[in-house]
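Accompanying notes for the structure given below.
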Amino acid sequence: MAAAKKNYFDSQFSLNKNNLKITWKLVGMLIDRDKKENTCISKLIYNNKCFTDTKNIFDKLNEHFINVGLTLADKLPTTDIEPTSFIKRTFTSSFMFRGICTFEVSDLIKNLKVNIATIGVPIKLIKLANSSISEAIISIFNLSLLQGVVPDILKISKVTPVDKGGETFDPTNYRPISTLSSFSQIFEKLVYKQLC
């Protein structure tokens, strides 16, 4: 069986030596990249209490992720130094966002990769409906920039706890990875482009 597998991959690599996409797919198959480990967290210890049901585990992880910044900030020594005193340059110019145009949105959507992780409407569908939805997207984004308010729906993300190693029951051994909606990602790219 092992010899047959080796022969198969040898021949596939030879046949596809000029095709990087297939070569990487073969490498992925060899290292079982698609094989998902069981990432289910069966137990979590938070504030010296043990939680074993899924809802409580994820509620406590969420609580940990929300509070970790404040907890770390509380450990920093206090100071009377004004934070603005560290700014050496004075800025005389001001900045305002300019309106987003149809071409920018259309072009950005056209060039989005369909395999990026998103929640909500898939990128592939947005690309297909690009010409039909661009004007509506532009209206919402421009109103947001004009008013300085990001719509609540664009602030929603799916947070996935990713194990950093160590004891799986310890919330400090998880890194929160946020996945945004496709529209949030589009808006973020447009804003970033103006800031740079």
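The values are calculated or read from the model by the stated rules, or taken from the named source; none is laboratory data. Remember, predicted model here, so these are calculated numbers, not experimental data. Cβ: placed from backbone, ideal geometry, glycine included. Neighbour counts: every protein chain shown.
General observations
- Going through (1) out of contact with any Ser or Thr (no Cβ under 7 Å at 6 or more places or on another chain); (2) over 17 Å from Arg175 (Cα atoms); (3) modelled with pLDDT of 80 or more one by one, His64 falls short only on (2).
- Number of positions in segment 133-160 that are of a type in the set (Lys, Arg) and within 30 Å of Asn48 (Cα to Cα): 1
- Test: residue in segment 161-172 that is more than 25 Å from Cys50 (Cβ to Cβ), surrounded by 12 or more Cβ atoms within 10 Å (Cβ to Cβ) and at pLDDT 90 or above: no
- Among the residues of segment 100-120, the ones that are β-branched (Val, Ile, Thr) and under 17 Å from the mean Cα position of the chain (by Cα) come to 4 in all.
- Test: residue in segment 132-152 that is buried (at least 16 other Cβ atoms within 10 Å of the Cβ) and at pLDDT below 90: yes
- Scope segment 25-49; condition surrounded by 11 or more Cβ atoms within 10 Å (Cβ to Cβ), among the hydrophobic types (A, V, I, L, M, F, W, C) and at pLDDT 80 or above; matching residues: Ile41, Leu44, Ile45
- Boolean, Phe169 is touching a Lys or Arg at 6+ places or on another chain (Cβ under 7 Å) and either touching a residue at least 12 places away in the same chain (Cβ under 8 Å) or aromatic (Phe, Trp, Tyr) (or both): yes
- Ala73 passes every criterion in (1) touching a Cys at 6+ places or on another chain (Cβ under 8 Å); (2) free of Cβ contacts under 8 Å to residues at least 60 places away in the same chain apart from (1).
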